[in-house]
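Structure record follows, encoded as structure tokens.
The values are calculated or read from the model by the stated rules, or taken from the named source; none is laboratory data. Because the structure is predicted, anything quoted here is derived from the model rather than measured. Positions of Cβ are generated from backbone atoms using ideal geometry, with glycine treated the same way; all protein chains shown enter the neighbour counts. When the accessible area is computed, the model is the full protein with side chains, heavy atoms only, and any ligands, DNA or RNA have been set aside. Shrake-Rupley method; radii C 1.70, N 1.55, O 1.52, S 1.80 Å.
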Amino acid sequence: MCSSPRTAEFSYFDHEADIGVLSQGASPQEAFCSAAQATWNVIADLSTVEPLEELVLECEAPTAEELLVEWLNRLLAEADIRGWVFCEFRIESWSSGRLVGRALGEVLDMDKHRMKSEVKAATYCENRVWEEGGRWFCRFVIDV
């Protein structure tokens with residue numbers, strides 16, 4: 001498992017017209033969940049979203065950097081297709097180049113949810129996943 005919204009660790013950095021994100025966690029799974037939390041925090045006021053529905057996602061990619069972008073972009077695509085907004089993220093299994101995760105949220109309701117910005121995609125710009133001092137970090141840029 002990984003971070004809940006209350007334990008997600010992330011910050012933002014300036015990047016021209018886009019938004020740079022630095023997430024972290026005690027494991028790569030936690031860092032990936034914090035990355036998803038940071039992305040959705042740009043999209044909506046997460047205090048207005050409830051974890052009523054659940055989506056299971058499987059992602060595969062040859063590197064951790066590519067897996068991060070695949071994870072985030074699959075979440076964005078599924079939310080768009082389903083008309084959902086997410087607020088919590090979990091990764092249940094992680095192996096070489098593959099993860100199984102869950103996104104929790106609900107159907108988007110413009111009367112209930114306070115939307116902030118549209119995120120088009122997670123990009124490979126400045127994309128990096130690494131471990132340092134027992135912590136895992138993800139650095140990436142989201143196209144808004």
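Elements of the type strands (runs of 3 or more DSSP E) sitting completely within the range 1-65 and holding at least 1 residues that are modelled with pLDDT under 95 and open to solvent by less than 10 Å² (accessible area, probe 1.4 Å): these cover 18-25.
When residues in the range 107-122 are screened for being outside any strand (DSSP E or B) and more than 17 Å from the chain's Cα centre (by Cα), 7 of them pass. Scanning the range 88-144 for residues that are of a type in the set (Phe, Trp, Tyr) and within 21 Å of ALA44 (Cα to Cα) yields PHE89, PHE140. Taking the criterion of being assigned to a helix (DSSP H, G or I) and either open to solvent by 60 Å² or more (accessible area, probe 1.4 Å) or at pLDDT below 95 (or both), the residues of the range 71-95 that qualify are ARG74, ASP80, ILE81, ARG82.
If only residues of the range 128-142 that are open to solvent by 30 Å² or more (accessible area, probe 1.4 Å) and of a type outside the set (Lys, Arg) are counted, the one that is nearest to the chain's Cα centre (by Cα) is PHE137. Contact map, the range 100-121: first residue under 17 Å from VAL141 (Cβ atoms), second residue surrounded by 12 or more Cβ atoms within 10 Å (Cβ to Cβ) and among the hydroxyl-bearing types (Ser, Thr, Tyr), Cβ cut-off under 8 Å, separation 6 or more or different chains; pairs are VAL119/THR39.
Test ARG102 against the stated conditions and say whether it is at pLDDT 95 or above, part of a strand (DSSP E or B), of a type in the set (Lys, Arg) and under 25 Å from LEU55 (Cα atoms). Criteria met by ARG102. Of the residues in the range 62-74, at least one is more than 19 Å from ALA121 (Cα to Cα) and without any contact (Cβ under 8 Å) to a residue 60 or more places away in the chain.
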